[in-house]
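Read the figures in this text as sums done on the coordinates, not as results from a lab. Remember, predicted model here, so these are calculated numbers, not experimental data. Cβ placement follows ideal geometry from the backbone for every residue including glycine, while neighbour counts extend to all protein chains displayed.
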Amino acid sequence: MEDLFLKANKIVEENNETPPKDRYRLNYHLMPSKGLLNDPNGFIFYRGKYHIFYQWNPFACEHGSKFWGHFVSDDLCDWKEIEPALTPDTKYEKNGCYSGSAFEHNDELYLFYTGNVKHSNGSRDSYQCLAKSKDGIKFEKLGPVIDGPPQGYTKHFRDPKIWKKENTWYMVIGAQTKDEQGRVLLYTSIDLKKWEYKKEIAGSQINGLSEFGYMWECPDFFELGGADILLVSPQGIEENGDKYNNLYQTGYFIGDYGWKNNKFNHGEFFEMDRGFEFYAPQTTIDSQGRRLLFGWMGMPEMDDEPTKKDGWIHAMTLPRELDYKNNKIYQKPVEELKKLRKNKIEYHEIKVKEELSLDGIEGDSYELIIEMSAIEGRSGIRVRTSETEKTDIYIDVENKKLIFDRNQSGEGYRGIRKCDLERVDRLKLHIFMDRSSIEIFVNDGEEVFTSRIFPSKKSQGVVFYSLEACKLDKIRYYKI
């Protein structure tokens, strides 16, 4: 049998030599060379470089046996894809090196991940495994350190996130009880080899929470702005008005963690992103002390995208910095992304009635910052417009909502997503357009909409509009 690593690495090398140029290929986001990308893994700042790994099936656009693909950057802008870090070539991971995290120990880079094994009778086994590297590129597998879930849980037991506090290693991991309730479990270790199960720290039907999903994936636990945050992706939450409209959700709980009794007192669940494609995010702290995040710009079981005919599917979000204020997490694009800016165009104090296009503001790869005021009636912006296509972002003044509508965006999935606004007379939108993706940061990151769109090449227009009146106080446009 041909060596799996060599076969996958050949795809990486060919992509680096001659990158594909199909029309939906993203300009400044991370995406797979070929095949399918999903969860970001092992996000870390190590020896002066940012590393982001990702779930990767190099050989097909389906969720087959997963590798860990690997990107490296000096500045969060210019990324290089290097050889795969993990290959599913041992018995304890033969059906995939599933998601996990990275950490530094004794100047070496460690990966902690789930080894997935599927059996012919439909059952599975999940092993929590370690690998380490002296250079951050080539990894030595150390094998499983946890060979199965605690009693009372199914084999849906995966996605370890690890950190160290004082002299103890901590790990949170996604799990499912045998009566199909999603949970996050806590483990501790002194030596990284022997791990002790402590307790459930959060989950459906515990800690005062009602029934809330049959599986919780990709947990991440960290301190931000004096609060303890559990970031997690529950599966199986019922839609509730404008909330929980995607197939699966991602969000966070804010609370206070008692390190002596390992009890997490938390409040309600907040959605992390209000768009269509955002799942399984992971955070890290860099040398500046910033809490940074990457998310998967995709959704499990939603793989009917037009890029499949070009041999690839899904991408990463832009890297974001997190801040905690006003009892919620704010997200903003990292400062380094300003290096991508070219050809600034700026407008001030423009009144809008009906529709308006502005010279130079158009295209399929740009950054656009809009500050609006004096908003009366439905007002907004249409991007990637042509005679037959548009993506619409607007304020519903009467219902105090921001609406994202991709029903006429071109190929791919359709639909509408909404979020509430405290005030509708003023609005700031920070938009990153990248050929087949859009990320909208609302009011300096109070809300974010992340989605894929697949318009035709001719759809390059940008139209500002108001059914009554509004004022564009300031517009900044940068070609990327």
Residues with amide H under 5 Å from that of LEU224, placed H, sequence gap 5 or more: ILE229
Karplus-derived 3J(HN,Hα), 6.51/-1.76/1.60, for each residue of region 19-25, Hz, glycine and proline x: x, x, 10, 5, 5, 9, 5
Protection proxy (average C-beta count within 10 Å per residue), highest first, orders 56-69, 122-135 as 56-69, 122-135
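Sequence gap at least 6, Cα distance under 8 Å: using those rules, report the relative contact order of region 353-480 to the nearest whole percent.
Relative contact order here is 41 percent.
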For region 120-277, build the charge dipole from Cβ charges (+1 Lys, Arg; -1 Asp, Glu) around the Cα centre, then report which of ASN121, ILE137, GLN151 sits farthest towards its positive end. ILE137
Contact order relative to length for the chain, counting C-alpha pairs under 8 Å separated by 6 or more residues, stands in percent at 13
For the pair TYR197 and ARG426, how long in nm is the line joining their label points, each one 7 Å along Cα→Cβ? 5.2
If we count every other residue with Cβ under 12 angstrom of TYR127's Cβ, Lys/Arg +1 and Asp/Glu -1, where does the sum land? +3
Inter-probe distance in nm under a simple model that places probes 7 Å from Cα toward Cβ, at GLU108 and GLU354: 7.1
Using θ = phi - 60° and the Karplus curve 6.51 cos²θ - 1.76 cosθ + 1.60, what whole-Hz ³J(HN,Hα) does each residue of region 396-413 get, with Gly and Pro shown as x? 9, 4, 4, 9, 6, 9, 9, 10, 10, 10, 10, 5, 10, 7, x, 6, x, 5
Beta carbons within 10 angstrom, averaged per residue: use that to sort the peptides 380-386, 252-258, highest first. 380-386, 252-258
What does the extension gain come out to for GLU14 and HIS63, with contour length at 0.36 nm per residue minus their alpha carbon separation? 15.4 nm
Mind running the shape call on region 116-233? Use the C-alpha gyration tensor, a ≥ b ≥ c as the square roots of the eigenvalues: rounded below 1.5 for a/c, prolate if a/b tops b/c, oblate otherwise. oblate
What net charge do the residues around THR114 carry, taking every other residue with its C-beta under 12 Å from that of THR114, with Lys and Arg at +1 and Asp and Glu at -1? -1
Any chance you could give the angle, 0 to 90 degrees and rounded to 10, that helix 4-17 forms with the longest Cα principal axis of the chain? 30
In order over region 228-235: 3J(HN,Hα) from phi, Karplus 6.51/-1.76/1.60, θ = phi - 60°, whole Hz, x for each Gly or Pro, gives 9, 10, 10, 9, 7, 10, x, 10
Cα gyration tensor category, rounded, prolate or oblate, for region 341-479 with a/c compared to 1.5: rounded
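With only Lys, Arg, Asp and Glu charged, each at its Cβ (+1 for the first two, -1 for the last two), find how big the charge dipole of the chain is about the Cα centre; round to the nearest 20 debye. Don't skip to the end; give the middle numbers.
Working: 69 positive and 79 negative charges, 106 e Å.
Dipole magnitude for the chain comes out near 500 debye.
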I want to check the label-to-label distance for ASN326 and LYS458. Put each point 7 Å from Cα in the C-beta direction and report it in nm to one decimal. 4.2
For the chain, what is the mean residue ellipticity at 222 nm derived from helices alone (per DSSP H run of n ≥ 4: -39500 (n - 2.57); sum divided by total residues; nearest 500 deg cm²/dmol)? -1000 deg cm²/dmol
